[in-house]
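Engineer: Okay, handing you the structure first.
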Amino acid sequence: MTPFEQVVAAELVALLRAGVPVRAVRLTVRELLVTRIERGPVGAREVGDAVGATVRAVCRLARARDASVDVVEIVCMAALEAVRGHGGQTAQWLGAATSTIAEALDELAREHAEEPGWRWLVRRVPRW
């Protein structure tokens, strides 16, 4: 687990325990990602790593049964919003970010094959 992934996981756990509204989760994820992206020179790899860490953190929570399909969807969509909304060169890596999310969700759906909600979520990820 990367340091950024640990930060995201800790934030998500705190937010879920506090029972904050969906909007707060979405804004927090977007803020974490934008802050991470703005740290230095950014390339496709850095954007992919940041998005991947975010998705792995929420998938880890889902595996522990602490996060529902809805929370995973909110975090994934917020991650895409952060990349797309950041603008500039970062937006050109939206396709890579989407692929990273789709791969993580596909793995999670395979692990939870008995629950149709996970497969549905994989199909919900927009393809840019």
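The values are calculated or read from the model by the stated rules, or taken from the named source; none is laboratory data. Keep in mind the model is a prediction, meaning the values are calculated, not measured. Virtual Cβ from ideal backbone geometry, glycine too; neighbours counted across all protein chains shown.
Engineer: Only one of these conditions is not met by R23: (1) surrounded by 13 or more Cβ atoms within 10 Å (Cβ to Cβ); (2) part of a helix (DSSP H, G or I). Which number is it?
Structural biologist: With respect to (1) surrounded by 13 or more Cβ atoms within 10 Å (Cβ to Cβ); (2) part of a helix (DSSP H, G or I), R23 is out only on (1).
Engineer: While we're on this one: Just need a number here: residues in the stretch 10-20 that are assigned to a loop (DSSP other than H, G, I, E, B) and not aliphatic (A, V, I, L, M).
Structural biologist: 1
Engineer: If you don't mind, another one. Conditions first: (1) out of contact with any Asp or Glu (no Cβ under 9 Å at 6 or more places or on another chain); (2) surrounded by fewer than 21 Cβ atoms within 10 Å (Cβ to Cβ); (3) within 16 Å of A9 (Cα to Cα). S99 passes all but one, so which condition is the exception?
Structural biologist: (3)
Engineer: Same structure again: It is to be established whether one or more residues within the stretch 106-122 are buried (at least 21 other Cβ atoms within 10 Å of the Cβ), within 10 Å of the chain's Cα centre (by Cα), part of a helix (DSSP H, G or I) and at negative phi.
Structural biologist: Looking for residues that are buried (at least 21 other Cβ atoms within 10 Å of the Cβ), within 10 Å of the chain's Cα centre (by Cα), part of a helix (DSSP H, G or I) and at negative phi, one finds none in the stretch 106-122, hence no.
Engineer: Filter the stretch 17-43 for residues that are modelled with pLDDT of 90 or more and out of contact with any helix residue (DSSP H, G or I) (no Cβ under 7 Å at 6 or more places or on another chain) and give the result.
Structural biologist: R17, A18, G19, V20, P21, R23, L27, E31, T35
A quick yes/no check of all residues on (1) surrounded by 21 or more Cβ atoms within 10 Å (Cβ to Cβ); (2) in a helix (DSSP H, G or I); (3) without any contact (Cβ under 8 Å) to a residue 12 or more places away in the chain:
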site: V29; (1), (2), (3): yes, yes, no
site: V34; (1), (2), (3): no, yes, no
site: V42; (1), (2), (3): no, no, no
site: D49; (1), (2), (3): no, yes, no
site: T54; (1), (2), (3): yes, yes, no
site: R65; (1), (2), (3): no, no, yes
site: C76; (1), (2), (3): yes, yes, no
site: E81; (1), (2), (3): no, yes, no
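Engineer: Do the conditions hold for V7, that is, is it in contact (Cβ under 8 Å) with a residue 40 or more places away in the chain, closer than 25 Å to E107 by Cα, of a type outside the set (D, E, K, R) and in a helix (DSSP H, G or I)?
Structural biologist: The answer is no for V7.
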